[in-house]
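Computed from the coordinates by the stated procedures, all read-outs in this text should not be read as laboratory data. As the structure is a computational prediction, the values presented were derived from the model and not from experiment. All Cβ positions, glycine included, derive from the backbone under ideal geometry; neighbour counts span all protein chains shown.
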Amino acid sequence: MFCKKCGKEILEEAVICIHCGCSVEDKKTVNTADAPSTGMAVLGFFIPLAGLIIWLINKENKPLMAKSAGKGALIGFIVSMVFSIIYGAILGSMIGSLMYY
């Protein structure tokens, strides 16, 4: 964590900055614009690149929404890889069986 006044690094549990003596703002303020988003998770699942971009852009300002998009992107990518491997195996076995006829 960094001091809002002097910009120097301070401990997460600090109440005042050890460098300038400025009081650290209450860390328990709630960002009402940030919430887990099912829509972002679904978007990330179907378009993993979009989910990755949303995660990269919003990971600092809106971490809960970014986490939803990132999880969706990761799950979507893994599912698409599994289906690609299964599809390749089925297609390969079909082509292989046609070669012997």
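Taking only the range 40-81 into account, find how many residues are surrounded by fewer than 18 Cβ atoms within 10 Å (Cβ to Cβ) and of a type outside the set (A, V, I, L, M, F, W, C).
Going through the range 40-81 one residue at a time, the tally reaches 6.
For the range 36-54, indicate whether the set of residues that are in a helix (DSSP H, G or I), of a type in the set (F, W, Y) and without any contact (Cβ under 8 Å) to a residue 40 or more places away in the chain is non-empty.
yes
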